[in-house]
4 protein chains.
Amino acid sequence: MTEMASSNVAKPEDTAELRQLYADFDAEHLKPLWTQIDDLMPAVPNPKAVPHIWKWSRLFPLAERSGELVPVGRGGERRAIGLANPGLGGRAYVSPTLWAAIQYLGPHETAPEHRHAQNAFRFVVEGEGVWTVVNGDPVRMSRGDLLLTPGWHFHGHHNDTDASMAWIDGLDIPFSYQNDVGFFEFGSDRVTDYATPQFSRGERLWAYPGLRPLSQLNDTVSTPLGAYRWEFTDRALEEQLLLEDEGQPATVEQGHAAIRYVNPTTGGDVMPTIRAEFHRMRPGVVSPARREVGSSVFQVFEGSGVVALNGAETKLEKGDLFVVPSWVPWSLQAETQLDVFRFSDAPIMERLNFARTQIDERRR
Amino acid sequence: MTEMASSNVAKPEDTAELRQLYADFDAEHLKPLWTQIDDLMPAVPNPKAVPHIWKWSRLFPLAERSGELVPVGRGGERRAIGLANPGLGGRAYVSPTLWAAIQYLGPHETAPEHRHAQNAFRFVVEGEGVWTVVNGDPVRMSRGDLLLTPGWHFHGHHNDTDASMAWIDGLDIPFSYQNDVGFFEFGSDRVTDYATPQFSRGERLWAYPGLRPLSQLNDTVSTPLGAYRWEFTDRALEEQLLLEDEGQPATVEQGHAAIRYVNPTTGGDVMPTIRAEFHRMRPGVVSPARREVGSSVFQVFEGSGVVALNGAETKLEKGDLFVVPSWVPWSLQAETQLDVFRFSDAPIMERLNFARTQIDERRR
Amino acid sequence: MTEMASSNVAKPEDTAELRQLYADFDAEHLKPLWTQIDDLMPAVPNPKAVPHIWKWSRLFPLAERSGELVPVGRGGERRAIGLANPGLGGRAYVSPTLWAAIQYLGPHETAPEHRHAQNAFRFVVEGEGVWTVVNGDPVRMSRGDLLLTPGWHFHGHHNDTDASMAWIDGLDIPFSYQNDVGFFEFGSDRVTDYATPQFSRGERLWAYPGLRPLSQLNDTVSTPLGAYRWEFTDRALEEQLLLEDEGQPATVEQGHAAIRYVNPTTGGDVMPTIRAEFHRMRPGVVSPARREVGSSVFQVFEGSGVVALNGAETKLEKGDLFVVPSWVPWSLQAETQLDVFRFSDAPIMERLNFARTQIDERRR
Amino acid sequence: MTEMASSNVAKPEDTAELRQLYADFDAEHLKPLWTQIDDLMPAVPNPKAVPHIWKWSRLFPLAERSGELVPVGRGGERRAIGLANPGLGGRAYVSPTLWAAIQYLGPHETAPEHRHAQNAFRFVVEGEGVWTVVNGDPVRMSRGDLLLTPGWHFHGHHNDTDASMAWIDGLDIPFSYQNDVGFFEFGSDRVTDYATPQFSRGERLWAYPGLRPLSQLNDTVSTPLGAYRWEFTDRALEEQLLLEDEGQPATVEQGHAAIRYVNPTTGGDVMPTIRAEFHRMRPGVVSPARREVGSSVFQVFEGSGVVALNGAETKLEKGDLFVVPSWVPWSLQAETQLDVFRFSDAPIMERLNFARTQIDERRR
C-alpha cells in the first residue's frame, strides 16, 4: 500500500480571495474535497473505534445492580446495558455497525414484545430459565445457545424461574441508526405465550440436518431456525478436532475448530447484516495475526487465553468480551481449551464487496 | 388446452413429385416437420413410459436367487436388477430419465469401487450391515437411511455381516445415456476402507442443524452429507404431525407430512438431477390427483395403502415400487399410516424451466 | 481415463438356472445391470449420433421444391425440413437434444400462430421480408439476425414480399420429446399483427447497452429481446479484432473473435436449453481440436474453410451446416475470413453439472 | 405504524444509587439502552440529514472561481466541491451514505490517477472535452453520459480542450468512512494514456445489446462498461413514451419513462453500493408522493419543474441538485418535459434487506 505523500502536494495559496471562496462555499452548504481527502479517504481503514475489552467480572455485577434499581417494561423495553466503544464518543456503539449489550432479567420478569427492522440475536454464556417468544413461538434460552430474532419479528422475553438470568444481545443498531433504516413497533405488553417448551416450533420444523419441510420451500432472508443449541455446536467442534486427529481435513487451522451458524434455506448467514460463529482452540494454539475489513465482537464462552489487539496483549477469562474494529490486527492464544463466540458485520462487507482479509504469516 | 385439430388441415397432395421430394429428403438425411409434428409436439406430454408397479414380494426373491447365481465383482460391478418400464422397450429404464434397481449383497461380499458422471443414491427399505465407501469415507447403510453418491465420487460397498442385504439404487442413467454425458472410471477392486464406523466423516462434519464448518465455505454442486439418517427423517415427520395437531402450519396438506432431502450448503436438491423426498400420511388421508411434468418413483417404506395411476387403483404394501411418468395423474390413499420414499427428476425440469403441476380439485 | 477392463471380469456361469432367472426377470419387467453396463455406462460419451455435414447448395433447392408442392398452414404448421442425424434412426433429430431445420416461406404466405413448451429460434443466413410475430410483437427477419421464440410464446410468420425466403430453425424438440415435457397449443390461423415495423417492441424497450426499463425489473427465464441484429453482431466482432490488433485482450484466441447472445436481465443464455454464439475467424486461423459434453450445430454465415470432425476434414461454404455430437473432437480452419453461427445444448449441460471440455494442445 | 407511547412507561426512580450505577456504567464504557432507545430506535427513520436543494446557477460560478484559485494535482487530487447536507454537521456528506460534488477541470489540466475502495461515477450535465482514464482505458465524457469508476479501479482525468468543463461526481464516501472500509492508493501523477478516442475499449467490447464477448464470461461485481452514452439513454426514453402512445406497457406510470443503468454481466446495479437511473416526465406529469428507505440525489438534466420534499415545493431548473433523505416523502412535477438523473444507495438497502417503499395514493 502506497503511503499518502505529504510533499509536492498541489495546494492553493492562502489568499483573501481563497478565504472568500471558502466562506462562499459555507454559505452554499459546500465543502471542498481537497481540504478533507486525507481524513475522508485514508490509505487503509482508520477507525475511530478502538479495540477494547470488557471484563465479565465487572459487567455482571453492574447488571445485577440494574436488576435492583431499574424496572423492565414498556418504554425502556429492555434491561440491556450496551458496550460503548471508547472511541465512539459515548454512544452505546461497540463498533460503527454493531451493538453489544448484557441483558438481565430478574425472577419472573417479562420484557414486553416489540419488533424492529434491526436484526438481533442473543447468546447465553451462563444460566437458563428464560424463554424468548419470537413471532409467538416460545424459545428456551440455555447456556451455549444462540437465539435469533431477525428484523421485524415480534419478540419478548420472560423469566420462568426464581433466579435471575443474564445473556448478551447483538444487533445492528449503529448501522441502522447511521443509515436511517430503522422501524419500530410495540407489541403486547406481556409475551403472547408463556409456555415453556423444551424446543420451539421453529426447531421442531427445521432442526434436522439436511431435511427441509415440504411446506417451507421458499427461501427466507433470515434463518427460520430460532435456536442453535449448544449440544450441536459442542459436538460439531469436538468432531472436527477428532477428525483432525485422524488426519482428515476438518479444522480451519491446526488445533482450531470452528463453525458458522447458517440459514438452512440457503446455507448463508443467519441474518443479512450479522454473522455468528463459534471457535474452539486447543491449549497452546495461537492464531496468526489477521486484519479484516469490518468489525467483530468476541465473547469467551469457556477457558482462558490471551488476545493480542494491535499487538497489545490482554488476558481473557470466561465471559469477557472484546471488539476488533476494522483492519486492526488480532490474534488469539489459547491457554486452556478456549471456546469463543464471535459475531461480526461480515455479511455487510461481503454483500457490498468491501471485504478484505490480510493474514500475517508470522504468528502474532 | 386446445385439442389438436384434425380437419381443415393443410396437407400436400400425394403426387409422384411429392414422393420424389420425400425420397430426395431421405437421401440428404432430412425429414419434414409436417408429417411428424403430431407425434413430436403433442398437446400435452404423451409418454411412452407407462405407470407400473413392482411388488417387493416378487422382487426380493429374485434378488436372492441372483445372489446365488451371479457373482459380484469387477466388470459387472454391481448385483443390481433394474426396473424396466414396460413402455420403454426392454431397457432397464424406469422412466426416460431415471434408473431404479434392487441391489443385493451377500455376506462379506464387496462391490468394487468405481466412479461415473451419473448421480446415484441408495435407499434402504430393510436390513443393515453394509457400508458404502464414498470417496474413501465409509458410510453405514441402515433401514430408512438415504445414502448419496453424487456424480464422479468413487464408491464401492461391502457387507460386514453374515447376512445378505438388499436396497434400492436410484440414478440418472437413462438421462445420461440419452444425452451422451456419461463418464466412467474403475477404482479399487476392493473398497479402500473396510472400517465400519457408526457415522461417516461427512456426517461428523455436516450433520448438525444450521451449523457449517468454517473450513467448508464453498458451496458444493451436490450435498456433502453422505447419509440422511432415518432417526431424523422419522422425527421431522412426527413433529410436523404434532404441530398440525397444535394448529400450526407444518404439513403440506391435512394429515400429510413431508420433507425434502437437501444440500446443506445451498438448501437445494441433493444432486443436480435427482430430488428425494419422504412422505407420511395418516390413515385415511387421500392426496388429490396430481399431474407433474417429469417422472417419479415411489417406494412404500411402511404401512399399506392404494395408489391411483391414471385412475387405476392398486394396493400397496411395504417395499412396493411404482413409477409415475410425466403428466400421468396420481393419487395416494393411506390405509394405515403410510410412509413413502419418493425420488424424481424434478431438478432437471425446474432448472430447465419445464416444470408444471396440475392438481385436480376433486380428490382422485 | 481408465479403459474398461475386458478380462478377469466376474461373470455368472451360463446355466439352466441362470436362464430361468433371466426369464423370470423378463416376466417381472426387470433387467440386470451386469449385462448392460458396458453399453449404458461407457468410459466416455459414446454417442449414437454421428458428425455430419449438410450442404446448403443441396438443402436450399429441396426447400424450394417443397415450396411448390407443400402448402403451409394449420396442421402441418410449418414448411420446415429437419436435419436427421444419420445415427439417430431416421427421426429429424440433429442430435439427441436439438432440432435444426430449414424453413421456407413463399411470397405472401403465412405460417399460423401456435405456442409450445419447446424453445425455438431462427437464424437468417440470407434474405429478408418475413416478419415473425411473437406474442403479438412483429419482428423483422433479415440476414444475420437471430430471432427468439422462447417456450410458450405464441408465434407465427408471414412473408410480406413477392419473393420467397428461407432460414434455419433451432429447437429443443428431441430433448422435449425424450423427456416428455412438451405442451402445444394452437393460436390464430393468421398472424395477429401484419404490421412490418423496422424494429419490434421488444427491441424498442430493450436494445440499448446496459439500460433496463424501470418498468421491467423482474428477471425473465428467457430473453425479453426478440431480435439480435446483425449490425451489432458484426460490429462487436470487428471491434474485438481491432482491439486485438491494438494489443488488448478481446478475442478468445489469436484471430478468433466471438460473442454469446445473452438475456439482458441476467447476462445468461437466451433460453434455458439453447446457447447461441457467433464466431469470426481470420483467414488462416485454426482452432485447436476440442471435445465438449453436449452437442452443437454450426452454420457458415460467410466465407469458406474446413472443419475437422473426429479427424476427418470437410470443406465448408456459405450456408453449410454441421453437427458435432457429444465428445467428438472438432476443429475449424478459416480459409477466407470465416463467419460462423453456432447453437448448442450447453445450458442443459451446465445447469445439470455435466459440462466438461477437453482441448487438444496440438492443433487438430 | 404504532406511535411510541410516552406514558405508562417503566422508568427507574432517580436516586443516588441510580446515579452511582450510571457513573459506574460510564467508568466501564457502558450505556444503558433504556435511556437511549427513543432516539436509537425510532418508530420510522428519523434522519439527521435534511432535504436540500443546490442551485446550479450558484454552484457553477463557485466551481469556476475554484478553477482560478485552486490548483489540481497530487495531494488534493481533485477540484471537487462536495454538497454538504445542512443536517450533517458540516462534512461534505450529501446523505449518510452518499457524496455528491461538482468537479471542475480547466483547459488542458490533468487530475492525477489514483484508486480507492470507494465506488464512483461521473454524470455530465453540460460540456465535453474531458477524458477519464479508467484502468488505462480513456473514456470520453460528454453531455448526458454516465461514466463509471467502480471501487479499486485506477482513474484520472484530463481536459483535452481550451475550455473548462464541469460535471458531478457521486461516491459512497460517507458510507465507506463511517464503516471503515476505505483503501486508497496513488497512481500515476499524469494519466497513463492521453489518447482521445470516441469510444473507450470497454464500450467497444461491451456496448452491444445482448451480446457478450466470449472472452468475458465471468460476471463482474461492477459493470465492465465504463460509459453509458446519452444517445442510448435518450432513445430508450423516447421509445418508452412512443410505446405508451401505442398503448403498450413501457413506462413506469403514465407520461413517465425511466431506465436503470445496469451491469450487462448480471442485469443488476452498476456498482454494489450505488444505483443510477434516468427519468423523463412529460409536461404536467406529477409523480405520487413516495417514501423510501435510503437516500437519493437528483439532478435536473433538462427542463423545469417543481419538487415537493416533505410537502415543501421548490422550483427546479437545469443543473439543480437535491437530496431526499430516508423516508422523506418526495414528488416531482414536470412543467416542461423534465429530464432528471438520479442516484441512490438503494443497492445497500436491498442487499441488506432494509428496503421499503410507501406510496401516497393521493398525489402529493
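At-a-glance table
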{"quantity": "Estimated dipole of chain C in Debye, rounded to 20 [Cβ of Lys and Arg +1, of Asp and Glu -1, Cα centre]", "calculated": "240"}
{"quantity": "Long-range HN-HN contacts of residue D:44 with modeled amide H, under 5 Å", "calculated": "A:184"}
{"quantity": "Check: the stretch B:233-352 dipole with +1 on Lys, Arg Cβ and -1 on Asp, Glu Cβ, in debye", "calculated": "380"}
{"quantity": "For chain B, built as a Gaussian network whose Cα springs stay under 10 Å, the top-fluctuating residue of B:184, B:343, B:123", "calculated": "B:184"}
{"quantity": "Within straight-line cross-link reach of residue A:48, aspartates and glutamates at Cα separation under 13 Å, skipping those fewer than 8 residues along the same chain", "calculated": "A:39, D:180"}
{"quantity": "The protein assembly as shown - Rg (one decimal) and Dmax (whole number), Cα, Å", "calculated": "34.7, 114"}
{"quantity": "Hydrodynamic radius of the stretch B:31-132 per Kirkwood, over alpha carbon pairs, in Å", "calculated": "16.5"}
{"quantity": "Binned Cα-Cα distances of the stretch A:283-326, short to long, each 10 Å bin given as a whole percent", "calculated": "25, 59, 16"}
{"quantity": "Separation of the residue D:17 and residue C:217 label points, Cα + 7 Å toward Cβ, nm", "calculated": "5.4"}
{"quantity": "Two-site label geometry, residue A:306 and residue C:195: point separation in nm, points 7 Å out along Cα→Cβ", "calculated": "7.9"}
{"quantity": "Cβ charges +1 (Lys, Arg) and -1 (Asp, Glu), total dipole of the stretch C:1-125, debye", "calculated": "900"}
{"quantity": "Equivalent ellipsoid semi-axes - Cα gyration tensor, the stretch D:254-364, angstrom", "calculated": "23, 17, 12"}
{"quantity": "Equivalent ellipsoid, the stretch C:317-364 (semi-axes from 5 times Cα gyration tensor eigenvalues, Å)", "calculated": "23, 16, 9"}
{"quantity": "For the stretch D:167-311, Kirkwood radius (reciprocal of mean inverse C-alpha pair distance, Å)", "calculated": "18.6"}
{"quantity": "The stretch A:249-331, relative contact order in percent, only Cα pairs under 8 angstrom and at least six apart counted", "calculated": "26"}
{"quantity": "Charge dipole of the stretch C:151-225 about the Cα centre (unit charges at C-beta), most positive-ward option of C:221, C:174, C:207", "calculated": "C:207"}
{"quantity": "Helix C:56-69 vs. chain C, principal-axis angle (Cα, 0 to 90°, nearest 10)", "calculated": "70"}
{"quantity": "Helix axis angle, A:16-27 relative to chain A longest principal axis, alpha carbon, degrees", "calculated": "30"}
{"quantity": "As computed over chain A, the Cα convex hull volume per residue (Å³)", "calculated": "178"}
{"quantity": "For residues of A:232-243, the mean tally of beta carbons on other chains within 10 Å", "calculated": "4"}
{"quantity": "Cα-Cα P(r), the stretch D:100-204, percent of pairs per 10 Å interval", "calculated": "16, 50, 29, 5, 0"}
{"quantity": "Sequence of A:359, D:173 once ranked by neighbouring C-beta atoms within 10 Å, starting from the fewest", "calculated": "A:359, D:173"}
{"quantity": "Among D:325, D:138, D:42, residue whose mean-square fluctuation peaks in a GNM of chain D (springs only between Cα atoms under 10 Å)", "calculated": "D:42"}
{"quantity": "Helix A:230-245 axis, angle to chain A major axis (alpha carbon atoms, nearest 10°)", "calculated": "70"}
{"quantity": "Label point 7 Å beyond Cα along the C-beta direction, distances from residue C:360 to other copies (nm, shortest first)", "calculated": "5.6, 5.6, 7.2"}
{"quantity": "Dipole of chain C, positive direction: furthest Cα of C:85, C:52, C:67, with charges on the beta-carbon", "calculated": "C:67"}
{"quantity": "For C:199, B:121, order by how many other beta-carbon atoms lie within 10 Å, fewest first", "calculated": "C:199, B:121"}
{"quantity": "Protection proxy ranking, peptides A:126-132, A:344-350, C:34-40, average beta carbon neighbours within 10 Å, highest first", "calculated": "A:344-350, A:126-132, C:34-40"}
{"quantity": "Net charge contributed by nearby residues that have their C-beta within less than 13 Å of residue A:161 (K/R +1, D/E -1)", "calculated": "-3"}
{"quantity": "Residue mean of other protein chain beta carbons inside 10 Å, D:321-327", "calculated": "1"}
{"quantity": "Listed residues D:153, D:76, D:133: farthest to the positive end of the dipole of the stretch D:70-222 (Cβ charges)", "calculated": "D:153"}
{"quantity": "Top of C:80, C:195, C:227 by mean-square fluctuation, Gaussian network on chain C, Cα under 10 Å", "calculated": "C:195"}
{"quantity": "Partners for residue C:315 among aspartates and glutamates (Cα-Cα distance below 18 Å; same-chain residues under 8 apart left out)", "calculated": "B:28, C:302, C:335, C:339"}
{"quantity": "Hits among lysines - C-alpha to C-alpha of residue B:11 under 20 Å, sequence gap 8 or more where chains match", "calculated": "B:31"}
{"quantity": "7 Å along Cα→Cβ, label-point gaps from residue A:53 to other copies, nm, shortest first", "calculated": "5.7, 7.1, 7.7"}
{"quantity": "Inter-centroid distance (Cα atoms) of the stretch B:130-184 relative to the stretch C:45-76, Å", "calculated": "44"}
{"quantity": "Approximate spin-label separation residue C:27-residue B:230, in nm, with each point projected 7 Å along Cα-to-Cβ", "calculated": "3.1"}
{"quantity": "Per-residue average of Cβ from other chains inside 10 Å of C:147-155", "calculated": "1"}
{"quantity": "Rotational relation A to D, axis-closest Cβ in chain A, residue and distance rounded to whole Å", "calculated": "A:351, 2"}
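Values in this text are rule-based calculations from the coordinates and carry no lab data. A quick note: this is a predicted structure, and the numbers were derived from the prediction, not measured. Because the Cβ atoms are built from the backbone with ideal geometry, glycine has one as well, and the counts that use them run over all protein chains shown.
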